[in-house]
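Written below as structure tokens is the structure these notes are about.
The values are calculated or read from the model by the stated rules, or taken from the named source; none is laboratory data. Because the structure is a prediction, the values reported are computed rather than measured. Don't worry about glycine lacking a Cβ; one is built from the backbone with ideal geometry, like all the others, and counts go over all protein chains shown.
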Amino acid sequence: MKILALIVGIVVSLFTIVYIVLFTGFGNGMLQPIIESKIKEQTKMDSKLSKFKLSIDQFEIFLEINKNNTIHLNGNYSLFSQAFNINYLVKLEELKSLESLTKQKLDGNLRTDGNAVGDMAFFTLKGKSDVAFSKTSYHVELTDLNPTSIIANMNNADLKTLLALGGQKPYASSKINLDVNFKNINPHQLDGDITLKTNNGKINTILMKKDFDVDLPKTNFLMTLDATLKGDDVVYKYAFNSNLANITSSGNLTPKPLNTDLKYEISFKELALLQPIIGTALRGSFYTKGILKGLKENMRVDGFSDVAKSKTTYNVTLSDFEPKRIKAKIRDMKLQNIFYILQQPHFADGIIDADIDVKNIEVGKLDGIVTSSIKKGLLNSEYLTKTYEFSSKMPRTTFNSKATTILRGDFVDTKLNLNSSLANLNVQKGSFNIKDGSLKTDYKVKAPNLNKFFFLTAREMKGEITANGELKLAKDLDLSIYSNIAGGKIDAKLHNDDFHADIKGVQTIDILHMLIYPEFLKGTMDAKLDYNLAQAKGKVIGKLLNAIVMKNQTLDLIKLYAKFDIYKERFNGDISANINKEKIVASLDLTSNKSAIRTKNTKINSLKQTIDSKITIVANKNPIDLRLSGNIMKPKVKVDLQKFMKTEAGKKVEKKMKKKVDKELNKLFKKLF
């Protein structure tokens, strides 16, 4: 009996202690700082529990989260039945100060008050709020702390304020009315409806201009939503109408597991509206419509679009809302409209057709094929000439192309044929590595009329050129160039800005003909060219082999009076040139058995097409010094007559022509070039 009495005494003592600690003013005073400390620890704020009263069946709590945000609770409860009747008042007057709790930036204020009645198994919340300056009332039923019924009514909520509450800028303003009547929101037992309507909706065009540099006209909008929930299904109608965009959608969907059967129609007069959502600057109009049908794991979208003035049909298979397969057929898409939509300059016009079949769109596992073509292509010559500051107007240039692109793993392989009135380009296999951003491609280019490139070269040219090679672009740029030109070969390589070319067996007469320079030498040239594109500086070193001089009246004179046929001589020697942008300094040293042709520090300006050169020709010990200056096509020729007249040929000329020698010789020598 003593032991029993001891146990009862201990229990009574413990109960008394617990009662005193929990339910008396003395005990509340002990608990208040402890609870307040825990709140501060959790909120990481200087929170204050300014009122804490707890009795056996009543309580009152007033929590100051910080200066302008408070929560007030009071009411009755039963320890044994777990029933309660609680009144609450939540005043959050400075939401931005609660970022450490909300984990995002919020702005504005929120106030709500109401009553919670019931027990932990089932209770109801009934209250009202002025959220976003609205008149909002709500009635919520919770079973085992899960909402099973919601009835809410929101009148004239301010959209700008709602956006601020969510930490968003006020890109739009409107008054929102919302009615929610969910008698039952238990899974598979849905019963209710939702009605949403906006009034006086407006897009903030000033903020759109400031944040996205998008110019929009005055834009008003209206949005409505009517949805009925029954069992597992939701039947809805949605519409967004404005002078810039119209979006409608209707159909059936099952939330869990998600299953859809709906129609949509989207029309944008101005795609710039999407920039705040997609983060990409677009413009222009867009229209699409279609159906979306299937389960979340296997959903199919079938639709039509007029993007870039095209006739486009598409089929997209989604799994967990991620595209898995895309098929599309594009017809008559306008190239100029694509540039406009992407906010790019009007580089060209053309019509694009494409067939797309991508079986797997996942990066690293790409699998698909795209065939495309451009017809009736026309470059915008006027724009390109002005933008790239060509020396003269680019000619009218038409083009068309065909391409086949294969997607495989991380690689995009392309075969391309591009034909234009300037040049033709053929690529058998261009491979782009998505993973590391590298490109490797072969190429073959043919320009059938070099004179059409006058706008780039600023000089007349004749003939054609064909080149092929390989392009590699990763950390560095590497380009190889192989070409048969002027009876010889060019083997060149470009590494970033450094260009090197080996020139073998090129016929000088063909090069001079191509450049439309005076054709005064005919021979074979081997040379090496090193040139830096960034600095526009370089050097040419080469040899001229088995060269002969072409007929001209000066050499005819030497042949006649020196009794020496210089045309039968075969010259060999060195050539060199230093290049500094448009300025070229060249040297030539050619010799034969009995003759020589030499020039040093010949100055050529390729931009101005001028020359300044002193040339010495020695024919069987008869030297002639010439000075060329002015236009390279028709240079002024000055002959050192005094030196020439001391030669054997000069003496014979002087004897024959007597008093007319100066006049006639000048006429002859001026016809040299």
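Restricting K594, K634 to those that are farther than 28 Å from N532 by Cα, out of contact with any strand residue (DSSP E or B) (no Cβ under 8 Å at 6 or more places or on another chain) and of a type outside the set (A, V, I, L, M, F, W, C) reduces the list to K634. Among the residues of the range 364-380, some residue qualifies, meaning at least one is at pLDDT below 95, in a loop (DSSP other than H, G, I, E, B) and within 21 Å of the chain's Cα centre (by Cα). Put simply, of S606, S587, S629 the only residue that is within 49 Å of the chain's Cα centre (by Cα) and free of Cβ contacts under 8 Å to residues at least 24 places away in the same chain is S587. The C-beta contact set for the range 63-80 (first residue closer than 27 Å to E99 by Cα, second residue polar (S, T, N, Q) and part of a loop (DSSP other than H, G, I, E, B), distance under 8 angstrom, 6+ apart or interchain) comprises L63/S47; E64/S47; I65/S47; N66/S47. Filtering the range 239-250 down to residues that are touching an Asp or Glu at 6+ places or on another chain (Cβ under 8 Å) and assigned to a strand (DSSP E or B), which residue is surrounded by the most Cβ atoms within 10 Å (Cβ to Cβ)? Among residues in the range 239-250 that are touching an Asp or Glu at 6+ places or on another chain (Cβ under 8 Å) and assigned to a strand (DSSP E or B), the one surrounded by the most Cβ atoms within 10 Å (Cβ to Cβ) is A245. Residues in the range 63-93 that are among the basic types (K, R) and at pLDDT 85 or above: K91 alone. When L190, L225, L229 are screened for being of a type outside the set (D, E, K, R) and under 22 Å from L159 (Cβ atoms), only L225 passes.
Just to verify a result, which residue in the range 256-281, among those that are surrounded by 16 or more Cβ atoms within 10 Å (Cβ to Cβ) and part of a loop (DSSP other than H, G, I, E, B), is modelled with the highest pLDDT? Applying the filter and picking the extreme gives K269. Picking from residues in the range 48-62 that are buried (at least 17 other Cβ atoms within 10 Å of the Cβ) and modelled with pLDDT under 80, the one that is nearest to K96 (Cα to Cα) is F52. Scanning the range 513-540 for residues that are under 17 Å from F571 (Cα atoms) and of a type outside the set (K, R), we see that the one that is modelled with the lowest pLDDT is E519. Of the residues that sit in the range 434-478 and are within 17 Å of I406 (Cα to Cα) and in contact (Cβ under 8 Å) with a residue 40 or more places away in the chain, which one is surrounded by the most Cβ atoms within 10 Å (Cβ to Cβ)? Ranking the qualifying residues of the range 434-478, first place goes to I434. Of the strands (runs of 3 or more DSSP E) that lie entirely inside the range 96-147, those containing 3 or more residues that are more than 27 Å from P187 (Cβ to Cβ) span 110-119. Of everything in the range 389-409 that is loosely packed, with under 15 Cβ neighbours inside 10 Å and assigned to a loop (DSSP other than H, G, I, E, B), the residue that is modelled with the lowest pLDDT is S391. Counted as qualifying within the range 414-484 are the strands (runs of 3 or more DSSP E) with 2 or more residues that are under 27 Å from F390 (Cβ atoms) and either of a type in the set (V, I, T) or in contact with a His (Cβ under 9 Å, 6 or more places away or on another chain) (or both), namely 438-447, 465-473.
Contact annotation: residue pairs with Cβ atoms under 7 Å, 6 or more positions apart or on different chains, pairing a residue in the range 232-249 that is closer than 14 Å to E270 by Cβ with a partner that is basic (K, R) and not in a strand (DSSP E or B), are L244/K269; A245/K269.
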